[in-house]
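Reviewing the structure listed below.
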Amino acid sequence: MKFSFKNDYSEGCHPNILQALLSYNDDQQAGYGEDQYSLEAKKLIQQKIQSDSDIYFVSGGTQANLIVISSILKPYQCVISAATGHILNNETGAIEATGHKILSIEKEDGKLTPEDILPVLESHRNIPHQVMPKLVYLSNSTELGTVYTLAELEKLSAFCKENNLYIFMDGARMGHGLSAEISDLTLEKVAELTDVFYLGGTKNGALIGEAIVINNKELKQDFAFNIKQKGALLAKGRLLGIQFLELMKNDLYFELAAHANRQAMKIKNAMKKRGVQFLSDTYTNQIFPILSNRLIEKLSEKFEFYVWKKINDDFSAIRLITSWNTADEPVNEFIEIITNEL
């Protein structure tokens, strides 16, 4: 059986979560996220971000993006995103289906800057004949495995405040982004510098689940109605609350993400020693090495991964993703093949 480096959600969940679900299974609890586990998990998140932000648990990342964006924008307002953004490429037009246009910006590293956003604002001054840019969508880590620094996010936050824009950070891989060896961002700073973000559990040790965190007081009012209307308010909300309670305890969430990052960096560093080039210089659990098609075919005999981009007739970039429980054995075997073939 081939080992898969295709994604970080093919795995089950961390044993602590399974044990907690079993241990609490016979308890009777209130529904719709009012159970004691969900409430305690929310308190733990608030403690970590040092804020009284409102927190809502939903089942997945696309659902989180859809609910947040459709809830906080007026019908004539739109989103600015890097062209690599998940909302553009992997959500079947979910955002557009709610009536909100996405304005995309081509970025090789998947990260936006004020200099990228300003031309978009300037090209949408024909009021009221054009959509109004109102929300800047970021991902950390990005869909290309890159991360924002504290200085970059501070600069973006100041720019967005000056231009009356919201910042929404997709945190499907937030743990990986903040745990990257080069990251100087903290969860507390993310909460301070964004209007809304979410913590992804699905790709970091949970069965399902994302935690939406609303920091901007203006956006808190009536948000629960949007959760319910979009079918995201689980009657057995304890399923999500228990998982985030376990992930937040003793920083398990960041421990799992750090493990995934380390496994990816083992492969990356071994490849760099053999002269392999990469599409981008990443420090998270996603790497994009450029390999010969012959070597890709050889690796495909034992491993699954995506061929990401054709470089020329002889070389292509592949995407490798490690997860919270990727063991040393497949990583070492992958490295051994690379070492022997290059």
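The values are calculated or read from the model by the stated rules, or taken from the named source; none is laboratory data. In this text, all values refer to a predicted model and were calculated from it rather than measured experimentally. Because the Cβ atoms are built from the backbone with ideal geometry, glycine has one as well, and the counts that use them run over all protein chains shown. When the accessible area is computed, the model is the full protein with side chains, heavy atoms only, and any ligands, DNA or RNA have been set aside. Shrake-Rupley method; radii C 1.70, N 1.55, O 1.52, S 1.80 Å.
Tabulated values for the structure
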| read-out | value |
| --- | --- |
| Test: residue in segment 181-189 that is closer than 14 Å to ASN285 by Cα, small (Gly, Ala, Ser), crowded, with 22+ Cβ neighbours inside 10 Å and touching a residue at least 24 places away in the same chain (Cβ under 8 Å) | no |
| Selection count where residues are at negative phi, part of a loop (DSSP other than H, G, I, E, B) and either of a type outside the set (Lys, Arg) or open to solvent by less than 60 Å² (accessible area, probe 1.4 Å) (or both), scope segment 76-130 | 22 |
| Flag if ILE95 is closer than 29 Å to ILE208 by Cα, aliphatic (A, V, I, L, M), touching a helix residue (DSSP H, G or I) at 6+ places or on another chain (Cβ under 7 Å) and at pLDDT 95 or above | yes |
| Hits in segment 30-39 (condition: surrounded by fewer than 16 Cβ atoms within 10 Å (Cβ to Cβ) and not aliphatic (A, V, I, L, M)) | GLY31, TYR32, GLU34, GLN36 |
| The one condition in (1) closer than 20 Å to PHE3 by Cβ; (2) touching a residue at least 24 places away in the same chain (Cβ under 8 Å); (3) surrounded by fewer than 15 Cβ atoms within 10 Å (Cβ to Cβ) that VAL331 fails to fulfil | (3) |
| Hits in segment 196-213 - residues which are touching a strand residue (DSSP E or B) at 6+ places or on another chain (Cβ under 7 Å) and surrounded by fewer than 24 Cβ atoms within 10 Å (Cβ to Cβ) | THR202 |
| Selection status of LYS111, over 30 Å from ASN250 (Cβ atoms), touching a Ser or Thr at 6+ places or on another chain (Cβ under 7 Å) and among the basic types (Lys, Arg) | yes |
| GLN46 being under 22 Å from GLN221 (Cβ atoms), open to solvent by less than 20 Å² (accessible area, probe 1.4 Å) and without any contact (Cβ under 8 Å) to a residue 60 or more places away in the chain | no |
